[in-house]
Amino acid sequence: MHGARLTTLALTAAILLTWTPAGAQVGRNLGLVNPNLATAAELSGVTGLPPTAQEEILGARPFLRMANLHAVVSKHVAEDAYDGIYGAMWIPIDLNDVTDEEILLIPGIGQRMLHEFEEYRPYAALAQFHREIGKYVDDDELARMEQYVYVRIDLNTASAEDILTIPGVGNRMLHEFEEYRPYSAMAQFRREIGKYVDASELERLARYVEIR
């Protein structure tokens, strides 16, 4: 009985360590470097990414689409290096506004899984992606895939936990997001949040949110 209880506790702990909150709208990052936020040292740690690419990334960011980042990377490395690089570095992609080519850049995603990603559009929440794609892969693979994607957050209803999943958003910016509710239009979001960040950072943040 004691051994069974220990086994149950161990399983519970493992679930808690890997669990992504149901409300989270940006997939939990398991270690991918975000090139929009990375330091030069973090970029230099991406195996296969040459210094020339690192320098161009630092000078051209923020990238608002994965396709824009890939346009830089593909100038510096051969196609057979893509999986290694994008297994270490990535900009989350909007599940409802992404091209086939961007989805296929996710390491291990082929035509069959591309079809599954597309079949369940539009995604209302990341929990829907978790539920539907979880029919086809195990928990570990689902967690790996989930860190590559997001669903836009509703500015007027998102929880604090949801907002904090946006890469680069901490408690200070969370306060600013919440202070101006309710938002009537994205123009209002840009006007108010633009008081605190420059134009490039504002557009990087705007790609994660919407008003429904």
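Per-residue answers, yes or no, for (1) over 30 Å from Tyr123 (Cα atoms); (2) surrounded by fewer than 17 Cβ atoms within 10 Å (Cβ to Cβ); (3) touching a residue at least 12 places away in the same chain (Cβ under 8 Å); (4) of a type in the set (Val, Ile, Thr):
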| site | (1), (2), (3), (4) |
| --- | --- |
| Ala40 | yes, yes, yes, no |
| Ser44 | yes, yes, no, no |
| Gly48 | yes, no, yes, no |
| Pro51 | yes, yes, no, no |
| Asn68 | no, yes, no, no |
| Asp80 | yes, yes, no, no |
| Ile91 | no, no, yes, yes |
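Out of Arg212, Arg191, Arg172, one residue alone is at pLDDT below 95 and either closer than 26 Å to Met89 by Cα or not aromatic (Phe, Trp, Tyr) (or both). It is Arg212. Checking each residue in region 97-141 for being over 27 Å from Asn68 (Cβ atoms), free of Cβ contacts under 8 Å to residues at least 40 places away in the same chain and hydrophobic (A, V, I, L, M, F, W, C) picks out only Val137. Of all residues in region 177-212, those satisfying the criterion of being touching a Leu at 6+ places or on another chain (Cβ under 8 Å) and in a helix (DSSP H, G or I) are Phe177, Phe189, Arg190, Ile193, Glu203, Arg204.
On the given criteria, is Gly84 farther than 19 Å from Arg204 by Cβ, loosely packed, with under 14 Cβ neighbours inside 10 Å and either small (Gly, Ala, Ser) or touching a Pro at 6+ places or on another chain (Cβ under 8 Å) (or both)? Here the answer is no, as Gly84 does not meet what is asked.
The values are calculated or read from the model by the stated rules, or taken from the named source; none is laboratory data. Since the model is a prediction, treat every value here as computed from it, not as a measurement. Here the Cβ is made from the backbone with ideal geometry for all residues, glycine too, and neighbour counts use every protein chain on show.
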